[in-house]
Structures are given as structure tokens and as C-alpha cells.
Amino acid sequence: MSETRSDGELLRAVAADADRRAFEELYRRYAPWLAARLRGRCADAGVVDDVVQETFLAVWRGSARYREEGDVAGWLWRIGSRRLVDVLRGDGARGRLRQALARLRHRDEVSAEERVLAGVEHGDLAGALVRLSPELRAVLQATVVDGLTTREAAVLLGIPPGTVKTRAMRARRQLREALA
């Protein structure tokens, strides 16, 4: 029986030795999780599959370097979410993005991030977050939870960067007032 290697050991083996087995193990650990998270941002399964592949291709080629800061899942999420934004910016992306967002807005199930935001149990924060409008929560989710830049959040949400900034400011102000 083989010993299970840590994420860091797998990444070092991929980077130093182009270890295919290490890469495959990393892929098995994280590809399903990354795909599930990306599906919360894009309803087009083909686009999600492409982004997952591009994310892991960047790891394999070494163009995405892990600096051993933070967890591997967060690092892969940052790569994947930014690649998704890049894909959605491409030719015809505005139409695909609007369709994907429209499907997401009209679905009955709530994303994992929305459940986390709504379920935070630190004082009155949960209630304050629930009272935010969906538009303000979406901006907080994209910029705070997912760590996207203003420009990336604007592309993802299909709104101008100035609107992202304004909504983020309004959301922070409303949270401060609710928690004061």
C-alpha cells in the first residue's frame, strides 16, 4: 500500500520532476471540487470543463506556481476563477455570460457561497447579510468570498466596474450600520 502524499509534496513532484502520477493524484483530489465551484459561476458545463482543464494544464506546464502560501484548494480556485473570467471575456462571451447568469438567477437552488454568506453565525452578521439585496450580496460574494478584482467581478456579474465599486461600498456601509 502506498503512502498518501501531501498536496505540497505532490506539487513539488510535479514542478521538479514532471511526475505524472503526482499530477494525476492532484487532479483526482481537486478537479471535481473545482468543477463544482465553477458551476456555481457558469451554467455552461462545456466552459466549466474547459476551465478546469486549463487550470490543471497551467499547473502541469508550471505557468501557475504554488508558493506554499495558503491552501492548495484556494490557490487552484484563484487560478480557475480567473481563467473563467478570461474565457467569459472572449469572443461571444457577453452573450454566454448573460445566459449563464440568467440561468443562475432563476434557479431554485442556492450556491454554496450564498449558503455560507447566509449562514454565518457571528453575532448579527448572518441577519445583516440576509437583509442585503441580491445584487449587493453577489458583489460581496465575488469580491470578498471569491477574491476577484473589481474588473473580474464586473465581467462575471455583467455590470460595469464602477457599479461593482458602488455596490461594494453600499454593502459595506449597510453591514456597518446593521452591526453598529
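We did not get these values from a lab; they are worked out from the coordinates using the rules stated. Being a predicted model, the structure only gives us computed values, none of them experimental. Positions of Cβ are generated from backbone atoms using ideal geometry, with glycine treated the same way; all protein chains shown enter the neighbour counts.
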With x for Gly and Pro, the residue-by-residue ³J(HN,Hα) of the stretch 27-40, computed from phi through the Karplus equation 6.51 cos²θ - 1.76 cosθ + 1.60 at θ = phi - 60° and given in whole Hz, is 4, 4, 5, 10, 4, x, 5, 5, 4, 4, 5, 5, 5, x
Packing-ranked peptide list from 170-180, 34-44, highest mean Cβ count within 10 angstrom first, is 34-44, 170-180
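Subtract the Cα-Cα distance of LEU179 and SER6 from 0.36 nm times their separation in residues, and report this length gain in nm to one decimal. Can you show the working numbers first?
Working: separation 173, 0.36 × 173 = 62.28 nm, distance 4.04 nm.
Net length gain for the segment: 58.2 nm.
Please report TRP33, TRP77, TRP60 as a ranked list, fewest other C-beta atoms within 10 angstrom at the top and most at the bottom. Provide the component values of the computation, followed by the final result.
Numbers: TRP33 13, TRP77 19, TRP60 16.
With the fewest neighbours first, TRP33, TRP77, TRP60 line up as TRP33, TRP60, TRP77.
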